[in-house]
Amino acid sequence: MHLADNIENIFQLQISAKCIKKTAKLPTYIPNRCTPYRLLRDCLSIHAIPKKQFLNVLASCCEDNDERAFLSSLSSKEGSSYYNELILERGLKLIDLLELCPSCKPKLELLIEHLPRLLPRPYSIANMPIANDIKVIFSILSEKPGVTTNMLNNLATPLLNAAVPSELPKITMYARQPNQFRFTSQEANEKNHILIGVGTALAPFLGFLELKKQELANATFTTLGDTW
């Protein structure tokens, strides 16, 4: 997109004077004064599933006729089967399409108009609530790893390889409304449990087991229900 030399330049977001939409307004999730780097990193979901309208706009940004025809076919009614196969099943995203169509160079304002907001990723805490630290679990896919899991992996790898880390990385977190599932000391004492989780969904179970271990260590209960 020819942004390498301007990636840290500050731009000001305004509604175009040519805009005919009466209810047009600036997106609240983009700072009034922003840089292309911050826009693409923090504000827009560049990994979102491209909608057909967006593909049609990208087609108009192509200088190569074959690439323009390819994106136009994906956005057409007749090309629904190709859209389903390439976009929905194979998961081609904006970056993949730009690599397939190197002559496609959309301007930032088009991305702002058509890409959705980048939302925070939810993670389950993997330790009991009264602990002094917060533990999360993430898994890395061999192909197309998740946006946040890839970031966490890049931050964690130097820490694992260094005996004494020189500086700890910082990440932004916020508390999310928890669900209604609870595991209390009383339940641990009275009942047996079979815990079933898929992948990293086992994260909260580790917190429950940590609680049971502490209950035994503190002699709160002499016996606890079994857990499988």
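Quick notes on this one:
- Options Leu100, Leu44, Leu86, Leu94: the member that is among the aliphatic types (A, V, I, L, M), over 30 Å from Val198 (Cα atoms) and at pLDDT 90 or above: Leu100
- Annotation note: of Ser75, Ser16, the sole residue that is under 21 Å from Leu94 (Cα atoms) and either at pLDDT 95 or above or among the polar types (S, T, N, Q) (or both) is Ser75.
- When the test is whether a residue is farther than 22 Å from Leu40 by Cα, acidic (Asp, Glu) and open to solvent by 100 Å² or more (accessible area, probe 1.4 Å), Glu143 does not pass it.
- Enumeration of residues in the stretch 56-90 that are part of a helix (DSSP H, G or I), of a type in the set (D, E, K, R) and either within 22 Å of Pro106 (Cα to Cα) or touching a helix residue (DSSP H, G or I) at 6+ places or on another chain (Cβ under 7 Å) (or both): Asp66, Glu67, Arg68
- Filtering the stretch 15-36 to residues that are open to solvent by 100 Å² or more (accessible area, probe 1.4 Å) and either within 21 Å of Leu58 (Cβ to Cβ) or more than 27 Å from the chain's Cα centre (by Cα) (or both) leaves Ala17, Lys18, Ile20, Lys21, Lys22, Thr23.
- Of all the criteria given as (1) of a type outside the set (Val, Ile, Thr); (2) open to solvent by less than 30 Å² (accessible area, probe 1.4 Å); (3) in contact with a Pro (Cβ under 9 Å, 6 or more places away or on another chain), the one not satisfied by Asp64 is (2).
- Residue identified as among the small types (Gly, Ala, Ser), surrounded by 12 or more Cβ atoms within 10 Å (Cβ to Cβ) and in contact with a Lys or Arg (Cβ under 7 Å, 6 or more places away or on another chain) among Ser103, Ser75: Ser75
- Filter result for Ser73 (under 30 Å from Leu100 (Cα atoms), among the small types (Gly, Ala, Ser) and free of Cβ contacts under 8 Å to residues at least 24 places away in the same chain): yes
- Residues of the stretch 166-204 satisfying the condition of being small (Gly, Ala, Ser), modelled with pLDDT of 70 or more and either more than 18 Å from the chain's Cα centre (by Cα) or part of a helix (DSSP H, G or I) (or both): Ser166, Gly197, Ala201, Ala203
- The residues of the stretch 84-108 that are closer than 17 Å to Ile46 by Cβ, under 22 Å from the mean Cα position of the chain (by Cα) and touching a residue at least 24 places away in the same chain (Cβ under 8 Å), listed by number, are Ile87, Gly91, Leu92, Lys93, Leu94, Ile95, Leu97, Leu98, Leu108.
The values are calculated or read from the model by the stated rules, or taken from the named source; none is laboratory data. These figures come from a predicted structure and were not determined experimentally. FYI the Cβ positions are ideal-geometry reconstructions off the backbone, even for glycines, and counts take in every protein chain you see. The area values use the complete protein model at the heavy-atom level, side chains included, leaving out ligands, DNA and RNA. Shrake-Rupley method; radii C 1.70, N 1.55, O 1.52, S 1.80 Å.
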